[in-house]
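S.K.: Take this structure first; my questions come after.
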Amino acid sequence: MEALAAEIKSPASLLALPGDDVRQLMWRFADRYELQMLAQAARGVARGPVARLVAAGGRNSHEWTAEKAALLPHFDESGITAAVLEPEQGGFIAGPKNFALALIAFELAWVDAGAATGSLAGNLGLAPIHERGTPEQRAKYINAAAPLKPGEKRKQVRAAFALTEPLPFVGVETGMLAGKVRVAEWKKDGEPTLHVEKRGRFITNMGFANVVTAAVDSDDERIKGSCMVILEEGDPGIFDRGTPTKKLVHQLSSTSDPVFNLKVPANRIVGGYTIKDGVIIPNFSHSEIIEAVFRRTRVTVGLMTSAKLLSAVEPVILYQRRRFRGGEGGPGTPRYELGIQQKEDALHRLVDIWATGEASASLGFAAARLFDELDPLEKQKDAWLAERKLTGRAAFKELSKKQSEAMELVEINSRPVGERDLKRAAELEKDPLVKFSILDSLASVLCPACKLWNTGHGANMMREAVSLMGGYGITEECPGFLGQKWMDAQLEATYEGPEAVQRLQLSVTMTSGLFLAQFENWITEMRRIASDRPGTGACTLGTAMQLWLWTLKHVQSTPDADGARLYHKTRQGVTFPLADALCWLLAARQFILDLIELETKSAENPSLTDGLAGTVAFFTDLCHVQTARAAGETGRICAEIVHGYNRHPAWDETSCHACYCADELKTLEGIIPGIDDSARAYSDVTEGNESHPLKAGPCVKFAGLEAFVRLRAKLDGCLTGCRLAKDRAAESLTKVMTREALDYPV
Ligand SMILES: Cc1cc2nc3c(=O)[nH]c(=O)nc-3n(C[C@H](O)[C@H](O)[C@H](O)COP(=O)(O)OP(=O)(O)OC[C@H]3O[C@@H](n4cnc5c(N)ncnc54)[C@H](O)[C@@H]3O)c2cc1C
């Protein structure tokens with residue numbers, strides 16, 4: 001134990017780094033014993049064989065080596081491989097498994113995300129079959145993915161997912177398929193044989209996969225559209241694994257550019273097909289399948305980066321505290337005990353890293369839980385549509401009706417309790433399709449949000465973590481492998497759709513009426529939380545959410561200075577930053593909700609209350625730090641968009657654009673009492689200047705934007721106390737107990 005650990009602390013100070021008791025409450029699996037065991041098992045693999053392999057230099061090769069392959073039996077024996085399977089398929093978790101897989105990814109990526117990716121890519125390879133496969137396909141391939149029981153003799157399926165193709169074909173743009181499928185042979189009344197040609201780029205698990213789900217397009221008038229096909233090693237033709245990709249990241253996973261030229265029976269079309277007028281019509285296009293697959297698997301990727309950030313806290317603290325030991329000053333002196341932790345900036349930056357890690361983990365696990373809730377409802381929706389033989393437009397029409405009812409329910413629940421039509425609410429709540437519509441609108445936002453923000457902003461923050469370790473940070477010896485984790489985070493931001501893909505998706509889903517109605521309720525929720533727990537920064541967040549919503553509505557209804565539409569798919573300069581801002585808000589909100597869960601649930605258990613009081617106090621400050629940062633980002637983004645597409649009325653080279661004119665000052669005075677004297681003085685000078693452009697006409701800079709300016713000013717005021725919270729959190733970092741060394745090798 002660190003010397004400082006012995007210091008007697010007040011009951012509300014952070015005693016130790018958060019353990020499993022804290023995580024299980026925050027991420028809501030305290031009553032799921034099987035998940036707790038799974039997390040432990042995955043941790044054993046991560047901090048055992050995976051960490052030893054990384055420490056031994058296992059990442060220093062591009063090839064799929066025997067040492068890397070030796071991780072697969074560990075995945076099998078620990079339950080990691082079977083976690084995705086149903087109990088009757090050889091698994092051990094009944095029901096939806098999004099959260100379970102998220103926990104595995106988190107634990108493995110705590111040490112090495114390449115190992116996490118290797119394990120998850122197998123699931124990704126099977127996911128098309130899992131989500132859209134026929135019963136026969138599921139029975140054949142998913143059951144065979146179960147690890148072998150003792151004495152069992154069969155080939156275990158190890159899968160890969162092949163969508164991406166060599167340039168210039170599939171990448172972000174998933175529709176440009178070069179992979180082709182043709183009819184090779186079609187005997188009368190027999191099953192057609194297909195000829196599949198597919199080249200892949202960057203395909204994970206290709207060093208050892210024996211089953212590949214590949215996206216292809218029809219190159220034959222007897223096959224309609226695109227589909228995914230299942231390819232097996234041993235099918236007639238070429239199954240070439242390709243050369244290993246020279247990755248700078250995730251080297252414990254296998255990645256290569258394979259080439260397939262194979263003959264397969266038509267029953268390998270994922271989800272099956274029908275035949276109409278001599279044409280094979282796949283039941284699902286490749287895009288329908290990948291949409292169903294990625295919307296789940298992207299959440300787990302987001303959590304890999306969260307794990308990295310949280311895993312950085314302890315090594316950085318250990319490094320900082322010991323930095324000056326052995327030099328001047330002995331035990332007991334601040335220099336010896338605190339080292340770099342004497343310096344405020346080093347502490348504040350670590351607070352930011354920790355707060356980001358918490359918020360991103362909260363967002364990711366909330367998304368994973370949401371998908372667990374959504375999965376059975378989605379099945380009910382599919383069955384409901386199938387019963388009524390509703391497809392395409394007709395299905396869309398019926399689902400739109402359900403969305404209107406869902407909207408009605410959200411609206412009823414947003415009213416004060418006494419004013420709600422409880423009978424109607426109960427009626428609507430009973431309808432699983434109404435519930436599906438509500439949760440689906442949230443999942444369509446939370447999934448891309450967590451993939452985008454956790455990995456993109458997470459990668460930036462990993463750089464911060466690396467910088468806190470000085471030169472050590474960018475060496476292979478860095479404790480916690482932080483340098484590798486920094487680079488790895490960039491892959492997490494890239495694969496399964498880079499940030500642009502997530503922003504594109506968000507720019508559509510975040511404008512759904514159903515999502516926005518719930519978002520408005522969340523603003524009220526934050527106001528309510530703020531009155532009970534002002535220290536969380538919920539007030540700041542509520543105002544930032546209001547500002548974001550105002551800005552969205554503004555750009556949806558107001559053209560730019562040239563009369564062009566602002567909110568449009570071609571204006572990524574508007575839609576993308578607004579998507580980014582939303583992510584900041586969602587992550588901070590979820591962190592606050594998880595903190596409240598921790599506080600509430602630990603209060604119900606007296607054995608936990610005392611120990612966790614300090615953690616709750618510390619996390620309250622972290623929430624405040626994070627909400628302030630989220631509010632700052634939102635304010636900046638919204639202000640740039642709201643003002644940035646206006647043109648100054650008399651914009652020219654000679655004028656001073658930064659000034660406030662008299663009209664503007666008048667507006668501002670109503671909003672910000674005692675507006676900065678320097679602004680007034682500046683304004684006086686420019687007003688007296690003959691060349692001042694605003695003399696020419698009335699000021700229009702704020703016209704119609706008073707509500708926005710007022711909200712922004714309010715938002716700034718809401719930041720009151722956020723730096724005090726940061727100071728307190730920073731102080732906690734100087735006192736918290738750590739281990740003597742990490743629990744995995746370096
Ligand atoms: C290690 C590794 C493992 C992988 N594993 C797999 C796997 O198992 N299976 C698989 O199928 N694929 C896999 N991939 C591929 C990965 O999913 C793609 O690399 C990724 O989706 C991006 O495609 P791209 O590289 O072609 O980028 P591009 O399509 O060339 O895009 C490059 C950049 O251009 C910009 N851009 C592109 N389009 C737009 C747009 N519409 N709007 C705005 N900006 C845009 C974005 O900044 C984007 O990041 C893997 C990749 C790597 C590196």
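Nothing in this text is a laboratory measurement; each read-out follows from the coordinates by a stated rule. Just so you know, these numbers come straight off a predicted model, no measurement behind them. Counting neighbours? That spans all protein chains shown, and the Cβs are built from the backbone with ideal geometry, glycine included.
S.K.: Answer with one residue from 49, 72, 84: the one whose Cα lies farthest towards the positive end of the charge dipole of region 37-139, charges on Cβ with Lys, Arg +1 and Asp, Glu -1.
M.R.: 49
S.K.: Quick one: helix 98-111 against the long Cα principal axis of the chain, what's the angle to the nearest 10°, folded into 0 to 90?
M.R.: The angle comes out at about 70 degrees.
S.K.: On to the next question. Using 0.36 nm times the number of residues separating residue 277 and residue 191, minus their current alpha carbon distance, what extension gain do you get?
M.R.: 29.4 nm
S.K.: So, one more: Between residue 32 and residue 391, what length in nm is gained on full extension when 0.36 nm per residue of separation is reduced by their alpha carbon distance?
M.R.: Working it through step by step, the gained length comes to 125.5 nm.
S.K.: Quick check on packing: order 737-746, 482-491 by the mean number of other C-beta atoms within 10 Å, highest mean leading.
M.R.: So the order, starting with the most tightly packed, is 482-491, 737-746.
S.K.: With n ≥ 4 as the cut-off for DSSP H runs, can you work out [θ] at 222 nm for the chain, using -39500 (n - 2.57) per run divided by the number of residues, rounded to the nearest 500?
M.R.: After summing the helix terms and dividing by the residues of the chain, the value is -18000 deg cm²/dmol.
S.K.: Within region 68-183, how many lysine pairs that are 8 or more places apart, or on different chains, have C-alpha atoms less than 29 Å apart?
M.R.: Within region 68-183, the lysine pair count is 14.
S.K.: Another question, then. Could you give the dipole magnitude of region 478-543 about its Cα centre, charging the beta-carbon of Lys and Arg +1 and that of Asp and Glu -1, in debye to the nearest 20?
M.R.: The calculated dipole for region 478-543 is roughly 240 debye.
S.K.: Cβ neighbours within 10 Å, averaged per peptide: list 463-470, 440-447 in order, most packed at the top.
M.R.: In descending order of packing, they fall as 440-447, 463-470.
S.K.: Which of 450, 227, 638, 722 has the fewest other C-beta atoms within 10 Å, and how do the rest follow up to the most?
M.R.: Ascending Cβ contact count within 10 Å gives the list 722, 638, 227, 450.
S.K.: Rule-of-thumb check for region 58-200: C-alpha Rg over 2.2 N^0.38 Å?
M.R.: Taking the Cα Rg and dividing by 2.2 N^0.38 Å, one obtains 1.22.
S.K.: Explain nothing, just the number: dipole magnitude of the chain about its Cα centre with +1 on each Lys and Arg Cβ and -1 on each Asp and Glu Cβ, in debye rounded to the nearest 20.
M.R.: 1080 debye
S.K.: May I pose another question? Against the longest principal axis of the chain, how steep is helix 538-557, in degrees 0 to 90 to the nearest 10, with axes from Cα atoms?
M.R.: Relative to the chain, helix 538-557 is tipped by roughly 70 degrees.
S.K.: Then there is this: Taking Cα centroids, how far is region 529-591 from region 121-187 in Å?
M.R.: Their Cα centres are 39 Å away from one another.
S.K.: How far, in degrees from 0 to 90, does helix 513-532 lean away from the longest principal axis of the Cα atoms of the chain, to the nearest 10?
M.R.: 50 degrees
S.K.: Lysines within cross-link reach of residue 397: Cα-Cα under 19 Å, excluding same-chain residues under 8 positions apart?
M.R.: 379, 381, 389, 435
S.K.: Could you tell me which residue out of 587, 556, 508 lies farthest along the dipole of region 476-604 toward its positive end? Charges go on the beta carbon: Lys and Arg +1, Asp and Glu -1, centred on the Cα centre.
M.R.: It is 556.
S.K.: What would the Debye equation give as log₁₀ I(q)/I(0) for the chain at q = 0.06, 0.10 Å⁻¹, counting only Cα atoms as equal point scatterers?
M.R.: Taken in order of the listed q values, log10 I(q)/I(0) reads -0.41, -1.09.
S.K.: Based on alpha-carbon atoms only, what is the radius of gyration of region 283-332 relative to the globular estimate 2.2 N^0.38 Å?
M.R.: Normalised Rg, Cα atoms only: 2.32.
S.K.: Alpha carbon centre of region 424-492 versus region 326-374: separation in Å?
M.R.: When both Cα centres are located, 17 Å separates them.
S.K.: Continuing with this model, one more query. At q = 0.10, 0.13, 0.20, 0.23 Å⁻¹, what base-10 log of I(q)/I(0) does the Debye formula yield for region 381-496 when every alpha carbon is treated as an equal point scatterer in vacuo?
M.R.: Debye intensities relative to I(0), on a log10 scale: -0.57, -0.69, -1.03, -1.17.
S.K.: Give me the compactness ratio for region 251-360, meaning the Cα radius of gyration over 2.2 N^0.38 Å.
M.R.: 2.06
S.K.: At 1.002 mPa s and 20 °C, plugging the Kirkwood radius over alpha-carbon pairs of region 169-322 into Stokes-Einstein gives what diffusion coefficient in µm²/s?
M.R.: Answer from the Stokes-Einstein relation: 121 µm²/s.
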